[in-house]
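Right, one structure below, let's go through it.
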Amino acid sequence: MQLTPKMPKSDSLFYKWFLNNQAVMALLITLLVFLTIFVFTKISFLFAPVISFFAVIMLPLVISTILYYLTKPLVDAISRLGSSRTTAIIIVFSLITFLFIWGVSGFIPMIQTQLTSFIEDLPKYVGKVNKEANKLLENEWLINYKPQLQDMLASASQKALDYAQSFSKNAIDWAGNFAGAVARITIAIIISPFILFYFLRDSAKMKNGLVNVLPVKFRLPMSRVLGDINKQLSGYVQGQVTVAIVVGFMFSIMFSIVGLNYSITFGIIAGFLNMIPYLGSFLAMIPVIIMGLVQGPLMLIKVLLIFMIEQTIEGRFVAPLVLGNKLSIHPITIMFLLLTAGSMFGVWGVFLVIPIYASVKVVIKELFDWYKGVSGLYKEDVIVLEEIKKDVE
């Protein structure tokens, strides 16, 4: 009896169509990833303590990280002059303390005075806005739309009244939440300097310790990924804070020149909100436009002109000079990220989504480069890249 020869493993249909099919393997890996995510969603309650822990330490970590990227260049510069790392950190901390005391003694009383004056004059401003609205309704161009506009104003007034009533009913709860927020911020401000000190002193040791835990063949890629993420975050934080300071000064000076009430306060708010890309300046202009309307149509025109001038200077000179293309993220992508993160995670999402996206992008790029090398699907691209590297060398 003649036996049929056994087919080699490499000639079997299962091997050809499944095991040796890169598209099928990619699909299986994708399904496994989504299955893992699905399983984690079903056991998410196990991670509740971890989430609570990170919620507590999030604020001091964010403050410490921002200050780390702002102060590290100065600490490095002082260290290169011959001082020890610890001495350089103490010098920088002393400088920060001096600037903080100077800012509190100089700006806080002025801002407090302006806010107190604004609150005291608020009823007068509301009456003036109503008066201007009634004048606008009497305009001959809008006389045909007067009933609809009156309905809109009545609806807005009712909503404002409902909001005021809700505020009065929930004042105690909001006061408790406000006190809790103040307590968390106070604790974060107290803890942040200690975290910042160890970040500045031991950041290199932290990186080396994390890399040395990994197997040898993963150490170089991980070190490269951490270095790229550090560059992305450093460029983003330093650039955004620098642009925000410049924008705050520009708005404060221009508002003061045209005689806008509470010009310094509005300028500081505009500088702070400018750290939210693209949307921050528009949010900052809302109270400014309201104040311009209160002070008259001419002031409103001046405020709008200031906004156009500032956007031109920031977009054409300040932002390109300071930020450049450090993050390599398209503006449309940033807009979608801000809208999505803001609706899902609120203020934290708006502030953190850009650096998180930049970090994840670095990791995905590294994984994709690895996949191109091992999959064999991008041989032409690899050859071209190798030729470019040879030409550069």
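Could you work out how far the C-alpha centroid of the range 220-239 sits from that of the range 299-317, in angstrom? When both Cα centres are located, 34 Å separates them.
Largest accessible area first, the residues F197, F255 order themselves as F197, F255 under a 1.4 Å probe with ligands, DNA and RNA left out. Near V75, once Lys and Arg are set to +1 and Asp and Glu to -1 for all other residues with Cβ below 14 Å from its Cβ, the sum equals +2.
Rolling a 1.4 Å probe across all protein chains gives T113 an accessible area of roughly 90 Å². Report the FRET efficiency, 1/(1 + (r/R0)^6), for L35 and L283, where r is their Cβ-Cβ distance and R0 is 41 Å, rounded to 0.05. That pair, L35 with L283, gives E of 0.50. Using the Cβ-Cβ distance between S234 and I111 with R0 = 25 Å, the FRET efficiency computed as 1/(1 + (r/R0)^6) comes to roughly 0.25.
Here the spin labels are modelled as points 7 Å beyond Cα on the Cα-Cβ line, and at M222 and T86 they lie 2.9 nm apart. With 29 Å as the limit, the listed pairs K231/K302; K124/K302; K217/K372; K205/K361; K72/K302 have K231/K302; K72/K302 beyond it between alpha carbons. Peptide packing for 68-78, 244-254 was compared via the average number of neighbouring C-beta atoms within 10 Å per residue; ordered from the highest value, the list is 244-254, 68-78. Note on V62/F317: beta-carbon distance plugged into 1/(1 + (r/R0)^6) with R0 of 41 Å gives a FRET efficiency of 0.90.
The length gained on full extension between L27 and V50, counted as 0.36 nm times the residue separation minus their Cα-Cα distance, comes to 5.1 nm. In this rough spin-label picture, where each label sits 7 Å from Cα along the Cβ direction, the S203-T186 distance is 3.1 nm.
Exposure check, 1.4 Å probe, all protein chains in place: F266 carries approximately 20 Å² of accessible surface.
Note on F345 and L305: the model spin-label points, each 7 Å out from Cα along the C-beta direction, lie 4.2 nm apart.
The values are calculated or read from the model by the stated rules, or taken from the named source; none is laboratory data. Worth saying up front: this structure is predicted, and the values here are computed from it rather than measured. Cβ: placed from backbone, ideal geometry, glycine included. Neighbour counts: every protein chain shown. Ligands, DNA and RNA are stripped out before the accessible areas are found, and what is left, the full protein with its side chains, is counted by its heavy atoms. Shrake-Rupley method; radii C 1.70, N 1.55, O 1.52, S 1.80 Å.
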